Amino acid sequence: MKHLPRVLVVEDEPAIAELVCVNLRHNGFTPVWVDDGEAAQREIDAMLPDLILLDWMLPGRSGLELARRWRGDARTRAVPILMLTARGDEPDKVAGLDAGADDYITKPFSTQELLARIRAVLRRRAPEKTDEAVQVGQLLLDPGTHRVSWRGEPLKLGPTEFKLLHYLMKNPERVHSRAQLLDRVWGDHVFIEERTVDVHVKRLREALGTAGVLVETVRGAGYRITAETR
Ligand code: CA
């Protein structure tokens, strides 16, 4: 099944939140609506979203404060934030971007504009969420057709192994800790133990056959995929 990006919508105006959520749902996203920062934090603690749509003016903590906090936290640092601001609040926009928001959109906005901004931010911040084919050495993965091949021969992978391989191949040569992989591949490290990663890496290597050597264990650090096997 295709991964539907989870969008956490932090917005205290129900009419706007509803409009946004309906449109997200119709366009291949899974929206989760909360109306203040505390509820947003609870959602994030339970499951990391793929993107946060954050209203500037909220009861309690402002969107600006929340953006700063999430950028400062290792767990949420990589989650894209798109801020919603009122018309003409130029200083707000600058402050929002300074606080770590990836982009902002001015109310009132069109649905098409919102969707375009969300897609653009997701492409920039999380390239593994897009459908472009990736290659490491002679290993090829095509998310569009859900196919993996090694030296031209097709390989069969389970859904989790596919996601794990896709993430590794999008970020080759870099070492990823188990915690990072849980967050980026499973999207939620709260309910899954780190050794789950080891189990799926083992399965991935088995499924890759002779290409399994490309997936390296870096002792004490994690895993990486490399085109340069020793
Ligand atoms: Ca508001």
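Bear in mind that the values in this text are calculations on the coordinates, not laboratory data. For clarity, every value in this text was computed on a predicted model and none was experimentally measured. For neighbour counting, all protein chains shown are included, and Cβ atoms are generated from backbone atoms with ideal geometry for every residue, glycine included.
So, with +1 on the Cβ of K and R and -1 on the Cβ of D and E, and no other charges, what is the size of the charge dipole of the chain about its Cα centre, to the nearest 20 debye?
1060 debye
With the Cα gyration tensor of segment 6-125 in hand, give its eigenvalues times 5 under a square root as the equivalent ellipsoid semi-axes, listed largest first in whole angstrom.
18, 17, 15
Along the charge dipole of segment 6-125, Cβ charges K/R +1 and D/E -1, which of 111, 85, 14 sits furthest on the positive end?
With unit charges placed on the Cβ atoms, the residue in question is 111.
Go from 0 up to the bin containing the longest alpha carbon distance in the chain, width 10 Å each, and give me the % of pairs per bin.
The percentages, shortest bin first, are 7, 31, 30, 20, 10, 1.
When the helix-only estimate is applied to the chain (DSSP H runs of n ≥ 4, each -39,500 (n - 2.57), divided by the residue count), what is the mean residue ellipticity at 222 nm, nearest 500 deg cm²/dmol?
-11500 deg cm²/dmol
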